[in-house]
Amino acid sequence: MNDYALLDSGDGAKLERFGDVVLARPCAQAVWRPQRPALWKTATATFDREEGNRWHGRARLPKEWVIDVDGTRFRLSGTDFGHLGIFPEQRAQWQWIRERVAATAGPVRVLNLFAYSGGSTLAAARAGAEVCHLDASKGMVQWARANAALNGLEAHPVRWIVDDAHKFLNREVRRGRRYDGIILDPPTYGRGGNGETYKIERDLPETLRLCRALLSETPRFLLLSAHTPGHTPVVLGNILTQALRGLGGAVATGEMLLTGAPETFPLPSGAYARWQA
C-alpha cells in the first residue's frame, strides 16, 4: 500500500497526496511549469513563505492523520514550518536499509543520527536490527516513538536518545560501543536543546570521522543523505569516500526524488551517498 504520491510540480511549488489530504507547498527546485494546472485547485491546504511561514486552509487539515508508505505507517501533522513528519523522498533509502539489514547474518546494530520522525529507524527495525535513534529534539523523538508504536514496534530493541549528535558520538566512542550500520541525514543548520549548533559545511567531516570510529569490525553499511543546496551526489560521495578510505566496499551516489505517476516529472529533493561492504 502507498498513500503518498507526487501529483504535480512547477512554478516553485509541489502538489502532493498524503492519503486523502492534498497539499501544495513551496519547492525551489521546481522551476518548470505545472503539467496539470487544474489539479492544484483540489488542494486541501497550501503553505507559503511569502510573508513568513503560513498555511492557507489549515482549518481543513486534520489535526493529525495516519498514512501507509510501502507497508510502514506514519502519523502526520501540519507543523508551523510546513513539514508534516515525513520525508517521502527517502523511500528508496528505506528500502535499501531493509535490504542491507536483511542480507546480514546474525544480529545487526544500527545507529540513526538526526533521525527526525524515524523513517530510517522503522526501516531498520522492521528488518530485524537493533537500533539507536538520536535526535536533538525531544518532540521529534516522541513523534518517532509514536510511529514505532503504530507499526507494532514498541517492544522492539530501540534506544531513544535526545542529545547533541557530537556529544553523543564522542561518548559512544569512549564507551567502546560499535555499530554495523550508520544512517545520518544532517541538517543544513540545526540547534540542540542546550544551545549547541550544527552547520553541515563546518561539522560534517567531524561527524563522519566519529561515525568511522563507531563502525564495528565487520561493518555492513553507512548511508549519508542531505537536503543542503550545493551538497550534490558528487560532493557527498567524495566526502564519504574520503572518510571511509581503507574499508574497501563501494560508494554509490544519487539524487533523492519525489515521484508519482509515470507522466509526472520526478522532483529532486536532496542527495545521498551510501557505502556498503
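Tallying residues that are closer than 24 Å to G192 by Cβ, within 12 Å of the chain's Cα centre (by Cα) and open to solvent by less than 10 Å² (accessible area, probe 1.4 Å) within segment 120-132 yields 2. Can you tell me which condition T218 does not meet? The list is (1) in contact (Cβ under 8 Å) with a residue 40 or more places away in the chain; (2) outside any loop (DSSP other than H, G, I, E, B); (3) open to solvent by 60 Å² or more (accessible area, probe 1.4 Å), and all the others hold. Result: T218 fails condition (2) only.
R171 satisfies every condition listed in (1) part of a loop (DSSP other than H, G, I, E, B); (2) open to solvent by 30 Å² or more (accessible area, probe 1.4 Å) except (1). I need the full set of residues from segment 134-151 which are touching a helix residue (DSSP H, G or I) at 6+ places or on another chain (Cβ under 7 Å) and assigned to a helix (DSSP H, G or I), in order please. Answer for segment 134-151, where residues must be touching a helix residue (DSSP H, G or I) at 6+ places or on another chain (Cβ under 7 Å) and assigned to a helix (DSSP H, G or I): A144, N147, A148. Name the residues in segment 64-89 that are over 16 Å from the mean Cα position of the chain (by Cα), under 24 Å from D48 (Cβ atoms) and surrounded by fewer than 20 Cβ atoms within 10 Å (Cβ to Cβ), would you? Of everything in segment 64-89, those that are over 16 Å from the mean Cα position of the chain (by Cα), under 24 Å from D48 (Cβ atoms) and surrounded by fewer than 20 Cβ atoms within 10 Å (Cβ to Cβ) turn out to be E64, W65, S77, T79, D80, F81. Against the list (1) within 16 Å of the chain's Cα centre (by Cα); (2) under 16 Å from P186 (Cβ atoms), the condition A144 fails is (2). With respect to the stated conditions, E154 is assigned to a loop (DSSP other than H, G, I, E, B), touching a helix residue (DSSP H, G or I) at 6+ places or on another chain (Cβ under 8 Å) and among the acidic types (D, E).
Of all the residues in segment 107-128, those that are assigned to a strand (DSSP E or B) and closer than 13 Å to V141 by Cα number 2.
Residues in segment 33-52 that are within 12 Å of D8 (Cα to Cα) and hydrophobic (A, V, I, L, M, F, W, C): A38, L39, W40, A43.
The values are calculated or read from the model by the stated rules, or taken from the named source; none is laboratory data. Just so it is clear, the model here is predicted, and its values are computed rather than measured. Because the Cβ atoms are built from the backbone with ideal geometry, glycine has one as well, and the counts that use them run over all protein chains shown. We work out accessible area using only protein heavy atoms, side chains counted, and drop any ligands, DNA or RNA first. Shrake-Rupley method; radii C 1.70, N 1.55, O 1.52, S 1.80 Å.
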